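First the structure, in the form of structure tokens, and then the observations on it.
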Amino acid sequence: MSLPFELSRIHHVAYRCRDAKETADWYRDNLGMAFTTAFSEDHVPSTGEYDPYMHIFLDCGGGNVIAFFELPNQPEMDRDPNTPKWVQHIAFEVPDMDALNAAKAHLEAQGIDVLGPTYHGIFRSIYFFDPNGHRLELACNIGTQDQHDELKRVAPLMLDEWSKTKKAPRHADWLHKDPEAS
């Protein structure tokens, strides 16, 4: 399908936070992200409604930006009670296993509970929560080009099978066999 426009990248993704300063400091201290920009208004530019907010932007590296809104006049933030905690998360990439292990050690030294590294076939990752309750993931790629090609080949087959059966297709079971596990 040809569209009359082309996407160039994700400009930013935005989430809610309880405290903008605490969030900016936490992401700086624990993930090394620079706080770059703040917008603050009493009226929402897109709707015109009165809803004072602080909107902060953090540099994730590689031209990627994550943003947060503090909304003091809204009900206390919460997560969707019908969605398991492990589903909605933000994943950031680190260059290799040494960086992943160093990140895990750093986070644990800050008193943050970290799960993993977890094996996902083409990447390994660790999981933890920010002070707002957002689940975060740090991942390092370990997959080969042949593995990525095979996943691309079977992806439409898997989605078609899932759509019909709502049972996990077995086309890529090899992703779950960790060669380092005993």
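The values are calculated or read from the model by the stated rules, or taken from the named source; none is laboratory data. This structure is a prediction, so every number in the text was calculated from the model and none was measured. As a convention, Cβ positions derive from the backbone with ideal geometry for all residues, glycine included, and neighbour counts pool all protein chains shown.
Laid out as a table, the results:
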| quantity | calculated |
| --- | --- |
| L7 vs. criteria without any contact (Cβ under 8 Å) to a residue 40 or more places away in the chain and more than 24 Å from L138 (Cα to Cα) | yes |
| Number of the condition not met by E22 [criteria: (1) at pLDDT 95 or above; (2) closer than 23 Å to V114 by Cβ; (3) surrounded by fewer than 15 Cβ atoms within 10 Å (Cβ to Cβ); (4) touching a strand residue (DSSP E or B) at 6+ places or on another chain (Cβ under 7 Å)] | (4) |
| Residue within the stretch 90-104 that is within 23 Å of T23 (Cα to Cα), in a loop (DSSP other than H, G, I, E, B), in contact with a strand residue (DSSP E or B) (Cβ under 7 Å, 6 or more places away or on another chain) and free of Cβ contacts under 8 Å to residues at least 24 places away in the same chain present | no |
| Test for G61: is it at pLDDT below 95, closer than 30 Å to K104 by Cβ and within 18 Å of the chain's Cα centre (by Cα) | yes |
| Residues that are more than 30 Å from H106 (Cα to Cα) and either of a type in the set (D, E) or surrounded by 11 or more Cβ atoms within 10 Å (Cβ to Cβ) (or both), drawn from the stretch 1-19 | E6 |
| Considering residues of the stretch 63-73 that are in contact (Cβ under 8 Å) with a residue 24 or more places away in the chain and not in a strand (DSSP E or B) only, the residue farthest from R16 (Cα to Cα) | G63 |
| Residue count for the stretch 111-152, restricted to those that are surrounded by 12 or more Cβ atoms within 10 Å (Cβ to Cβ) and among the charged types (D, E, K, R) | 5 |
| Qualifying positions in the stretch 39-62 - part of a strand (DSSP E or B) and either in contact (Cβ under 8 Å) with a residue 40 or more places away in the chain or closer than 29 Å to V114 by Cβ (or both) | M54, H55, I56, F57, L58, D59, C60, G61 |
| Residues within the stretch 64-79 that are under 20 Å from D25 (Cα atoms) and more than 15 Å from the chain's Cα centre (by Cα), tallied | 5 |
| Hey, M1 in a loop (DSSP other than H, G, I, E, B), touching a residue at least 24 places away in the same chain (Cβ under 8 Å) and not hydroxyl-bearing (S, T, Y) or not | no |
| Single residue of the stretch 155-182 satisfying the filter (surrounded by 15 or more Cβ atoms within 10 Å (Cβ to Cβ) and of a type in the set (A, V, I, L, M, F, W, C)) that is nearest to D25 (Cα to Cα) | L175 |
| Residues located in the stretch 37-74, provided they are farther than 16 Å from Y15 by Cβ and either β-branched (V, I, T) or exposed (fewer than 11 other Cβ atoms within 10 Å of the Cβ) (or both) | D42, V44, P45, S46, T47, G48, E49, Y50, G62, G63, N73 |
| Residue in the stretch 106-117 that is assigned to a strand (DSSP E or B) and either under 15 Å from the mean Cα position of the chain (by Cα) or more than 25 Å from I10 (Cβ to Cβ) (or both) present | yes |
